[in-house]
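Take a look at the structure set out below.
The values are calculated or read from the model by the stated rules, or taken from the named source; none is laboratory data. Given the structure is predicted, the values throughout are model-derived calculations rather than measurements. All Cβ positions, even for glycine, are placed from backbone atoms using ideal geometry, and neighbour counts span all protein chains on display. Heads up: the accessible areas ignore ligands, DNA and RNA and are worked out on the full protein's heavy atoms, side chains in. Shrake-Rupley method; radii C 1.70, N 1.55, O 1.52, S 1.80 Å.
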Amino acid sequence: MKKALITGITGQDGYFLAKFLLGKGYEVHGFARRNSQMALGTLVFLTPDERSRIKMHWGDVLDHPFIDSLVRMNRYDEIYHLAAQSFVGLSFENPKATYDINIGGTLNFVNAIKEYSQRTKMYFAATSEMYGKAEAVPQDERTPFHPRSPYGVAKLAGFWTIKNYRESYGLYLTNGILFNHESEMRGPEFVTRKIAAGAAKIARGSSEPIRLGNLEARRDWGFAGDYVEGMWLMLQRPMPDDYVLATGENYSVRECTERAFGRVGITIVWEGRGADEIGKNAANGQTVITIDPAHFRPAEIDELRGDASKAKRELGWTTRMSFDTLVARMVDVEVARLKRPDLQFTQA
Ligand code: NAP
Ligand code: G4F
């Protein structure tokens, strides 16, 4: 039985990857930060049987002696290093913590592998944010990087750390350059989940508009469940490499908003411009969207769209869920959550 460690297991991708690897018969270990409430994040949505099969290790990615001993004791077949300060907006406010966790944490794992378990394969969660002010659309593995946030800069340092340790020591380390991927397990401050949750509440009678930032930013949004399979496929190749995972399509925040409201039967009409723009329910004039400049970023990425041809060709990976289906799924789950807050969403 293969043994895998998932860092960041309490996050969105950790949930889908844990389910996926358990389904493949892996012995799954989870690495997560302890908190005072022992909150398990997305893991509470796993079935009790799934949860009982995960061996948890409580620690911080900054704690290198702990990571050293964990890797030395367990000599994992595969490590999926997902733990990160993953919110781009926050990285402008907390750049040091973002650098420490996203660079230092990555270094701690590759160094532990180098010192104690050289046959361990590791996946690093790199990101399309590294393309930033992109020089070409679509972006693939050869597109130059120009990160636009402390988060993007830190992930790029992680990306080069992976490459450097791979080239220097012959270790099996891969970079997954993943474009945005979403689901009902997304953190609530990310824009797709925020829109889906807000639309569901308004459909149920809330008079609270959703306060958004830049409506024109375009992202290549896929379904997280499809992307974790790509992570696993990367580690099944004979040689380590770097791969883009993306849908090849992009949509604006405005288009995402219109689709989410469409799912609950509300057509939006837009009025005004810039920070004064509002979105209204065409049927009754209720304001459902306002602009809050607090959500504008000091430097924005206008457009990301990926070309996953290499992953399709070499890994046989493909994205299965369309953007419309993804938005519908996220909105439907939020509607159900309002009716049954206790409901557990375990479908993958
Ligand atoms: P997420 O939901 O924010 O999960 C991040 C995880 O990292 C959480 O479990 C978090 O734990 C953990 N973590 C943060 N700091 C830690 C620390 N110091 N020590 C231990 N654990 C720590 O992110 P995600 O969407 O699943 O993404 C997974 C990875 O892929 C991240 O590295 C992200 O940057 C990267 N990525 C994501 C996307 C995307 O669209 N989702 C695209 C490209 C790359 P807490 O719950 O305790 O905070
Ligand atoms: O949902 P977002 O916060 O995701 P973002 O910044 O694209 O980052 C996500 O994807 C990256 C992959 O490219 C990951 F590496 C990263 O970890 C994370 O998972 O914002 C998406 C877009 C941005 O352009 C933002 O400015 O939506 C725009 N936006 C407009 N209004 C908003 C809002 N974003 C948020 N979070 N909240 C708003 O109110």
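Descriptive notes on the structure:
- Selection among Thr127, His29, Gly306 by position relative to the dipole of the chain gives His29 as farthest towards the positive end (Cβ unit charges, Cα centre).
- With contacts taken as Cα pairs under 8 Å and at least 6 residues apart, the chain reaches a relative contact order of 18 percent.
- Gyration tensor (alpha-carbon) shape descriptor, the range 1-71, a/c threshold 1.5: oblate
- Placing dummy labels 7 Å off each Cα toward the beta-carbon, the span from Lys339 to Arg75 is 5.3 nm.
- Rg/Rh for the range 57-141 stands at 1.04; both radii use Cα atoms, and Rh follows the Kirkwood definition.
- Most fluctuating residue given options Ala197, Ala299, Ala83, as computed from a GNM of the chain linking Cα atoms under 10 Å: Ala299
- Computed over the chain, the Cα gyration tensor eigenvalues convert (square root of 5λ each) into semi-axes of 34, 23, 18 Å, ordered from largest to smallest.
- Only beta bridges with both residues in the chain are counted; by DSSP, about 20 percent of them are antiparallel.
- Carbon/sulfur fraction of accessible area - the chain, other protein chains in place, 1.4 Å, %: 49
- In plain terms, the chain is cut at each of the GluC sites (Glu not before Pro) found in a DSSP loop with at most 13 other Cβ atoms within 10 Å, and the longest leftover piece is 1-134.
- Most mobile listed residue (Gly205, Gly41, Gly230) in the chain, GNM with C-alpha springs under 10 Å: Gly205
- For the range 137-162 versus the range 77-105, the inter-centroid distance based on Cα atoms is 14 Å.
- Per-residue ellipticity at 222 nm from helix content only, as computed over the chain with -39500 (n - 2.57) for each DSSP H run of at least four residues, stands at -11500 deg cm²/dmol.
- Signed unit charges on C-beta, dipole axis of the chain, positive-most listed residue Gln139, Ile268, Tyr80: Tyr80
- Reported value for the range 229-348: 163 Å³ per residue, from the convex hull of its C-alpha atoms.
- A 1.4 Å probe run over the chain, with the rest of the protein chains in place, finds 43 Å² accessible per residue.
- Area accessible to solvent at Trp221, 1.4 Å probe radius, in Å²: 10
- The range 99-142: equivalent-ellipsoid semi-axes (sqrt of 5 x gyration tensor eigenvalues, Cα, Å): 28, 14, 6
- Taking 7 Å steps out from each Cα toward its Cβ at Glu255 and Glu277 produces label points 1.4 nm apart.
- When His295, His81 are compared by accessible surface with a 1.4 Å probe, the order from highest to lowest is His295, His81.
- Listed by chain and number, the lysines placed with their C-alpha closer than 27 angstrom to that of Lys201 are Lys280, Lys339; residues fewer than eight positions away on the same chain are left out.
- Centre-to-centre, using Cα atoms only, the range 269-302 and the range 1-43 are separated by 37 Å.
- Point-charge dipole on Cβ atoms (K/R +1, D/E -1) for the chain, about Cα centre, debye to 20: 800
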